[in-house]
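Contents: one structure, followed by commentary.
Taken together, the values in this text are just the output of simple stated rules run on the coordinates, not laboratory data. What you see is a predicted model, and the numbers here were worked out from it, not measured in a lab. Positions of Cβ are backbone-derived with ideal geometry, glycine not excepted, and every protein chain shown enters the neighbour counts.
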Amino acid sequence: MNRRVNPTSIAPPAANYAHAVLTEGASRWLHTSGVVPVAPDGTTPDDIGEQAEVVWANIGAMLDQAGMRPADIVSVTTYAVIGEQLGPVMAARDRFLDGHLAASTLVTVPALAQSRWKMEIAIVAAAS
């Protein structure tokens, strides 16, 4: 139902993602808002890598409630504050997706809505 599109006529992706994902026959779609690094107890870790883990845990809870799984994710948009280390953010994504390749965009921004947030992620998932 969700098929990666990586034409051989263009350069390969720069990291662990697909250039595009074609979805056919989906009957359920999940679009999240920007998922922020606030843990269930209301705390926000200081470290961006830990923030990424919280964000992916929150996304996992949303997928679970929707009856979906990480392999249903077709698109990931990550926003990270300029100057932060991006390696831990990408590593958290890769761990959560566990080999699944979705279309992925990473944008650096000067700030997010709350000063303690160093990153947030929005996803789109599709399932039959």
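Below is a table of values for the structure above.
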quantity: Dipole moment magnitude, nearest 20 debye, the range 2-127 about Cα centre, only Lys, Arg, Asp, Glu C-beta charged; calculated: 400 debye
quantity: Glu24/Thr108 FRET efficiency (R0 35 Å; Cβ-Cβ; nearest 0.05); calculated: 0.60
quantity: Estimated distance in nm for a label pair at Val5 and Val81, the labels positioned 7 Å out from Cα along Cα-to-Cβ; calculated: 3.6 nm
quantity: Ranking of Glu120, Glu53, Glu24, Glu84 by count of other Cβ atoms within 10 Å, fewest first; calculated: Glu24, Glu84, Glu53, Glu120
quantity: Positive minus negative residues near Ala92 (Lys, Arg vs Asp, Glu; Cβ under 15 Å); calculated: -4
quantity: Within the range 18-32, backbone nitrogen closer than 13 Å to the virtual label 7 Å beyond the Cα of Ser128 toward Cβ; calculated: 23-28
quantity: Most mobile listed residue (Thr77, Thr43, Thr32) in the chain, GNM with C-alpha springs under 10 Å; calculated: Thr43
quantity: Calculated log₁₀ intensity ratio I(q)/I(0) where the Debye formula runs over C-alpha points of the range 2-127, q = 0.12, 0.20, 0.21 Å⁻¹; calculated: -0.44, -1.14, -1.23
quantity: Charge sum, other residues only, whose C-beta stays under 13 Å from Pro110's C-beta, Lys/Arg counted +1 and Asp/Glu -1; calculated: 0
quantity: Rg over Rh [alpha-carbon atoms, Kirkwood Rh] for the range 60-100; calculated: 1.03
quantity: Residue exposure sequence - Ser75, Ser33, Ser104 - by fewest surrounding Cβ within 10 Å; calculated: Ser33, Ser75, Ser104
quantity: Likely footprinting exposure, Val74, Val35, fewest C-beta neighbours within 10 Å first; calculated: Val35, Val74
quantity: Rg over Rh, two decimals, the range 1-46 (C-alpha only, Kirkwood Rh); calculated: 1.17
